[in-house]
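Right, one structure below, let's go through it.
The values are calculated or read from the model by the stated rules, or taken from the named source; none is laboratory data. Just so it is clear, the structure is predicted and the values come from calculations on it, not from any experiment. When we count neighbours, we look across all protein chains shown, and the Cβ atoms used for this are built from the backbone with ideal geometry, even at glycine. All accessible areas refer to the heavy atoms of the entire protein, side chains included, with ligands and DNA or RNA removed. Shrake-Rupley method; radii C 1.70, N 1.55, O 1.52, S 1.80 Å.
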Amino acid sequence: MIDPVRVVIVGGGTAGWMTASALARFLPGVADVRLIESEEIGIVGVGEATLPHLRAFLQRLGIDEAEMMRATNATFKLGIDFRDFGAIGDRYVHPFGAYGVDLAGVGFHHYWLRAREEGSRRSLEDYSLPIVAARANRFAFPPADGDFLATSYGWAYQFDATKLAPMLRGYSEARGAVRTEGRVIGVERAGESGDVTELVLDSGERIAGDLFIDCSGFRALLIGGAMDAAWEDWSHWLPCDRAAALPTQSMPGPIEPYTRATAMSAGWRWRIPLQHRVGNGYVFSSAFLPEDAACDAILGAVEGARQAEPRILRFRAGRRAQSWVGNVVSIGLASGFLEPLESTSIHLAQMAVMRLIELFPERRIDPADRVAFNATVDYEYDRVRDFLILHYHATTRDDSDFWNHVRTMAVPDSLAEKLELWRESGRIEKYGEGLFLEPSWVAVYLGQGQLPERYDPRADNPTAPALTRTLDEIAGSIAQRVAAMPDHATALRAHGAWSGV
Ligand code: FAD
């Protein structure tokens, strides 16, 4: 039996405890997990909206959904309601699910485009079960043995981000992970390889390891500090670099099963309903708006009594050129940051943890594993980056310097190619798996007024009456199914997810 790899995680935010949980769960006896965190420094503590992929992660850990939701005051999330992005007054939901049904292997939106050309005025949203449910503030799980329409959606959570890490801490410690309170003040490295050998804490304690995981957040203590990994700056494409966060009391009335993203003069603001309060924040570019003006703007925009003063968070869009260098792997904010417009950060941490587990090294790190890990992380970050830029660039807004800038800026070639493909033919680049597949791009393109020049000619196949009949049936069936769903608060209670706060 070989000795376990001594893994030292720096940082006990969401990324740190997700990493500890996954290593403790999937590599027992293989990884000896130690986590250092400093209560004095604290965690970011925002990050309240998630993606459906988190469910698979929690399921694989064996964490009960209702229990997690109670512990974090979570609500269900069916998508994001974007307002004022393409033009002031526009509104669309980016849903967690497909539109319509599969018709002869051609994307459903092509049939919608054809019907529109033939005079139909029905919104694409009427063909999305999660959107119709979201707009009605209703929620139900897809039935295990339902037809495609009934099962073609997923859900995620909106939760109190300060409560997930403590929950995962309990989980990890119960599976052997050891936590050390303290501040890392020194990093020892081996002369020849440059690998990290030991961390020095403010108490004087020294902690040795074989593999170090940097989850120290924006500080990026090991990957940016000791290993000096280059930072790829994307702020010319994603100029938002601040957030003014502000929790408010819940308003009477239904709890929305979705996150709201409303465009503002120098960015956008989120509204995330939890069981016990509402999270709000204005993500803005300090090049276009001073911090105090952003605080005033969010104070003026929120509904409900505020629970604190606005708190400013500062960041930069971008990622490490290499997220794994030597024997240091960075996960979470230490590895990169993409603003929360599509709630992707926690997912990117999850993706990195799971990839690390697939490539988990023995005592000697194979450089090929490092290359493979970095390639996956780069691919996922770059894809999310393009998707985020699209939300800003695909607009007709010309009412502020910020919107004039993002509307007219040069975009990455990878996005320019996608846009051209869409505009010419309504096609989406095919991805095998991962984040933001065809329905997501369709939601943003069409939601932001980007109509393609033509649709797929194969969508001309059914006769006009046959197409009308099919579309009517789909929309009618969705409306019926949603009418039978309970409202969101009832669904939370029925699931045992209501915390009673
Ligand atoms: P942190 O939470 O900052 O944790 C860092 C840890 O490192 C802490 O425990 C700290 O004590 C420790 N540490 C640092 N230095 C030292 C040291 N010297 N010694 C010892 N310990 C140290 N994500 C989403 O998925 N959805 C969202 O809706 C979302 N919204 C966001 C909104 C904003 C404005 C921001 C800024 C982020 C948002 N995120 C969101 C991102 C999300 O908050 C983070 O991805 C998530 O919290 C993970 O953070 P982290 O664990 O990497 O860092």
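Here is a check on your reading of the model: is G62 within 14 Å of the ligand (Cβ to nearest atom) and not charged (D, E, K, R)? In short, no. Checking each residue in segment 324-366 for being away from the ligand (no atom under 11 Å from the Cβ), assigned to a loop (DSSP other than H, G, I, E, B) and closer than 21 Å to R55 by Cβ picks out no residue at all. G304 passes every criterion in (1) exposed (fewer than 15 other Cβ atoms within 10 Å of the Cβ); (2) modelled with pLDDT under 95 apart from (1). Take the conditions (1) outside the structural domain of D456 (by TED's automatic domain parsing); (2) outside any strand (DSSP E or B); Y111 misses just one of them, which is (1). Checking each residue in segment 268-289 for being under 17 Å from N404 (Cβ atoms), more than 11 Å from the ligand (Cβ to nearest atom) and open to solvent by less than 10 Å² (accessible area, probe 1.4 Å) picks out W268, S285. The residues listed here are E358, E362; of these, the one that is out of contact with any Leu (no Cβ under 9 Å at 6 or more places or on another chain), under 26 Å from G12 (Cα atoms), without any contact (Cβ under 8 Å) to a residue 12 or more places away in the chain and among the acidic types (D, E) is E358.
Looking at this structure, is G253 under 30 Å from A491 (Cβ atoms) and open to solvent by less than 10 Å² (accessible area, probe 1.4 Å)?
no
Scanning segment 161-212 for residues being within 15 Å of the ligand (Cβ to nearest atom), within 14 Å of I36 (Cα to Cα) and not in a helix (DSSP H, G or I) gives a total of 23. State whether the residues of segment 246-258 include one that is part of a strand (DSSP E or B), at pLDDT 95 or above and farther than 22 Å from L348 by Cα. Yes, that holds for at least one residue.
Mind checking which residues of segment 213-245 are over 17 Å from A352 (Cβ atoms), away from the ligand (no atom under 11 Å from the Cβ) and among the aliphatic types (A, V, I, L, M)? Residues satisfying the conditions are A226, A230, L238. All conditions in (1) free of Cβ contacts under 8 Å to residues at least 40 places away in the same chain; (2) within 11 Å of the ligand (Cβ to nearest atom); (3) not aromatic (F, W, Y) hold for D292, with the sole exception of (2).
Filtering P486, P439 for residues that are touching a residue at least 12 places away in the same chain (Cβ under 8 Å), open to solvent by 20 Å² or more (accessible area, probe 1.4 Å) and under 26 Å from the mean Cα position of the chain (by Cα) leaves a single hit, P439.
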